[in-house]
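This report refers to the structure that appears directly beneath it.
The values are calculated or read from the model by the stated rules, or taken from the named source; none is laboratory data. Since the model is a prediction, treat every value here as computed from it, not as a measurement. Quick reminder, even Gly has a Cβ in these numbers, built from the backbone with ideal geometry, and neighbours come from all protein chains shown.
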Amino acid sequence: MPWRVTSVRYLLGGVVVFHAVGLVGLWWSPWKEIFVHCTPVAIAGVALLAFGVDKCWTPTSILRLILCGVWGFFAEVAGVQKGWIFGSYRYGNVLGPMVLDVPLLLVLNWMWVIYGAQQVLEWIKVPGFTYHPYLTAALLVGYDVLLEKFATQFGLWFWQDGQIPFGNYVGWFVVSLLLASIWRPTALNKFGAQLFLFQISFFALSWLFSYFQ
C-alpha cells in the first residue's frame with residue numbers, strides 16, 4: 001500500500017539521520033560519552049524496526065529466530081567465561097544489564113545480525129538457497145571486522161592483551177553458519193536488508209574516521 005511504503009521511507013530516513021548525528025557526536029563532539037551510551041538504543045531500535053515492518057512472521061520462524069538469539073548469547077558466555085569459540089575478552093558497561101557477564105542485549109543482536117544478513121541475500125537475489133548459510137556466515141565475518149574497530153574504540157568490549165585473535169573470526173563464521181542453518185527468511189523484507197547494509201556502512205565510516213583522530 002502507498003501509505004505503508006511512504007511510512008517505511010520515513011522510518012529509513014529517520015534511522016539515517018539518527019546515525020549521522022551519532023557519527024558526528026562520537027567523533028567530533030565534547031559529548032562523546034553520551035553518544036557511546038546511546039549504542040544499545042541504536043542496536044535495539046534498528047532490530048525492532050526491521051522486525052516490526054516484517055509482515056510475514058510465523059510462529060515457527062519467530063521461535064527459530066529467538067533460538068538463534070539464545071544460542072548466540074551462550075556462545076558469548078563461553079567466550080567470556082572460558083575463552084572458547086571467539087577468544088578471551090570481557091564486556092564493558094555500555095551495552096546494559098548482564099547475565100553471566102554478557103549483556104542481555106546480545107540475544108536481540110544475534111537475532112538481528114542473522115536476520116539482517118539473510119535479508120540482504122534475499123534482496124540481491126543470490127541463487128542457490130542451499131548455500132545461503134555459508135554466504136551469511138561470510139558476510140557476518142566481514143561485519144565483525146568492521147564492528148571490532150568500533151567496539152574496542154568505544155569500550156563495548158575488551159580483548160585480552162588488546163589483540164583481536166584470528167580465532168574470533170573463525171568463531172564468528174562457525175556460529176553464524178550454525179545459526180543461519182536454523183533460521184531462514186520466509187519472505188523478503190527490503191527495509192530490513194537496507195537497515196543492515198546501512199549499519200555496515202555506519203561501522204565502515206567509523207573505521208575510516210578512526211584514522212583521522
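Selection of first residues in the stretch 88-115 that are surrounded by fewer than 21 Cβ atoms within 10 Å (Cβ to Cβ) and of second residues that are among the basic types (Lys, Arg), restricted to Cβ pairs under 9 Å at least 6 apart or on distinct chains, gives the following pairs, ordered by first then second residue: 88/82; 101/90. For the stretch 24-43, filtering for residues that are within 23 Å of residue 112 (Cα to Cα) and surrounded by fewer than 16 Cβ atoms within 10 Å (Cβ to Cβ) leaves 2.
Does residue 155 satisfy the criteria of being part of a loop (DSSP other than H, G, I, E, B), over 28 Å from residue 184 (Cα atoms) and free of Cβ contacts under 8 Å to residues at least 60 places away in the same chain? Show your work before the answer.
Details: part of a loop (DSSP other than H, G, I, E, B): yes; over 28 Å from residue 184 (Cα atoms): yes; free of Cβ contacts under 8 Å to residues at least 60 places away in the same chain: no.
No, not satisfied.
For residue 121, the test of being in a helix (DSSP H, G or I), at pLDDT 95 or above and buried (at least 19 other Cβ atoms within 10 Å of the Cβ) is failed. Taking residue 85, is it at positive phi, β-branched (Val, Ile, Thr), in contact (Cβ under 8 Å) with a residue 12 or more places away in the chain and crowded, with 18+ Cβ neighbours inside 10 Å? So residue 85 fits the description; yes. Of all residue pairs spaced 6 or more apart or on separate chains, those with beta-carbon atoms under 7 Å, a first member in the stretch 168-184 that is under 28 Å from residue 56 (Cβ atoms) and a second member that is among the charged types (D, E, K, R) are 172/144; 182/64; 183/64.
Counting only helices (runs of 4 or more DSSP H) that sit wholly inside the stretch 1-66, those with at least 2 residues that are modelled with pLDDT under 85 and within 17 Å of the chain's Cα centre (by Cα) are 2-28.
I'd like to verify a number: residues in the stretch 77-118 that are β-branched (Val, Ile, Thr), part of a helix (DSSP H, G or I) and more than 24 Å from residue 50 (Cβ to Cβ), how many?
Our first condition is that a residue be β-branched (Val, Ile, Thr); within the stretch 77-118, this holds for 77, 80, 85, 94, 99, 102, 107, 113-114.
With part of a helix (DSSP H, G or I) added as a condition, the list becomes 77, 80, 107, 113-114.
When the remaining residues are screened for being more than 24 Å from residue 50 (Cβ to Cβ), the result is 77, 80.
Selection size over the stretch 77-118: 2.
Does residue 176 satisfy the condition of being under 26 Å from residue 52 (Cα atoms), small (Gly, Ala, Ser) and at pLDDT 95 or above? Spelling it out, residue 176 is indeed under 26 Å from residue 52 (Cα atoms), small (Gly, Ala, Ser) and at pLDDT 95 or above.
Give the stretch 158-167 a look and list any residue that's assigned to a helix (DSSP H, G or I) and without any contact (Cβ under 8 Å) to a residue 24 or more places away in the chain, or say none. Full working, then the answer.
Applying the first criterion (assigned to a helix (DSSP H, G or I)) to the stretch 158-167 yields 160-162, 166-167.
Across the stretch 158-167, the qualifying residues are 161, 162, 166.
Kindly indicate whether any position in the stretch 178-191 is closer than 16 Å to residue 84 by Cβ and surrounded by 14 or more Cβ atoms within 10 Å (Cβ to Cβ). Yes, some residue in the stretch 178-191 is closer than 16 Å to residue 84 by Cβ and surrounded by 14 or more Cβ atoms within 10 Å (Cβ to Cβ).
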